[in-house]
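These notes are about the structure you will find just below.
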Amino acid sequence: MGTDLHELLRSLRVWDVELPSFDPASAPAEPLPLFTEWFAEAVAAGQSEPHTMSLATADEDGLPDVRVVMLHGADADGWAFASHVTSRKGRQLAARPYAALGFYWPAQGRQIRLRGPVEVAPAEEGQADLHARSTGALAAALVGGQSEVLGSVEELGRASDDAWDRAQREPDAPAPTWTLYRLRPEEVEFFQGDARRRHVRLVYRRTEPSSEGGGWRKELLWP
């Protein structure tokens, strides 16, 4: 017999752990310090791959797309991630330079959502970021062809082997299409789950355009 998906879904439970409390009155005036605090607590709680996040973009027709990528850093300039400028996400960001990010850390029942304009970092910053990462990351960047049609698994294997060899021989080898992006949020929401469904949602909204810095306004949202 096949799997009964609906029965399986009904059998599942969420947040079968003790969840932390969150007092929004104690939240800092800006979102970055709170993000850093929650990120550190997710790591301490043993959350698997807390640095992965969903990245949502839209194509030329406004149709949405989403995938999981890795956070490369977060500071006053924005939340950083990287990809090939020729990839699907790269083409979408070139056409519509606006995106949303989503973090989910079930070990603590927490989500963080951000959205705002996306800027391309200078090429030298993107290459420096790549070369500060692992040999595997450089090899993957050197393979290229991201989002293009692949002829066979064997073709990928040959390209990957060649890229690994080069990455080991030339740790500073350039990957011209590899690009570092920064999302400068106009809105950041922190969600703390509650077992009784009294979830706390705190949203920061930038009071001026992100290109001008500006301050932040904090608001609570109904769960």
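A compact table of results
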read-out	value
Some residue of the stretch 17-31 being open to solvent by 60 Å² or more (accessible area, probe 1.4 Å) and within 18 Å of R182 (Cβ to Cβ)	yes
Test for E49: is it touching a residue at least 12 places away in the same chain (Cβ under 8 Å), open to solvent by 60 Å² or more (accessible area, probe 1.4 Å) and not β-branched (V, I, T)	no
Criterion: at positive phi and of a type outside the set (D, E) - qualifying residue of G102, G109, G90, G126	G109
Per-region count, the stretch 96-110, residues touching a Leu at 6+ places or on another chain (Cβ under 8 Å) and open to solvent by 50 Å² or more (accessible area, probe 1.4 Å)	0
Wholly within the stretch 111-223, helices (runs of 4 or more DSSP H) carrying at least 1 residues that are in contact (Cβ under 8 Å) with a residue 40 or more places away in the chain, open to solvent by less than 50 Å² (accessible area, probe 1.4 Å) and in contact with a strand residue (DSSP E or B) (Cβ under 9 Å, 6 or more places away or on another chain)	123-131, 135-143
Qualifying residue in the stretch 70-78 (condition: open to solvent by 40 Å² or more (accessible area, probe 1.4 Å), without any contact (Cβ under 8 Å) to a residue 12 or more places away in the chain and not in a helix (DSSP H, G or I))	no
Hits in the stretch 148-184 - residues which are closer than 30 Å to R113 by Cβ and polar (S, T, N, Q)	T177, T179
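The values are calculated or read from the model by the stated rules, or taken from the named source; none is laboratory data. Owing to the predicted nature of the structure, the values given are computational and were not obtained by experimental measurement. Neighbour counts run over all protein chains shown; Cβ positions are idealised from the backbone, glycine included. Accessible surface areas use protein heavy atoms only, side chains included; no ligands, DNA or RNA. Shrake-Rupley method; radii C 1.70, N 1.55, O 1.52, S 1.80 Å.
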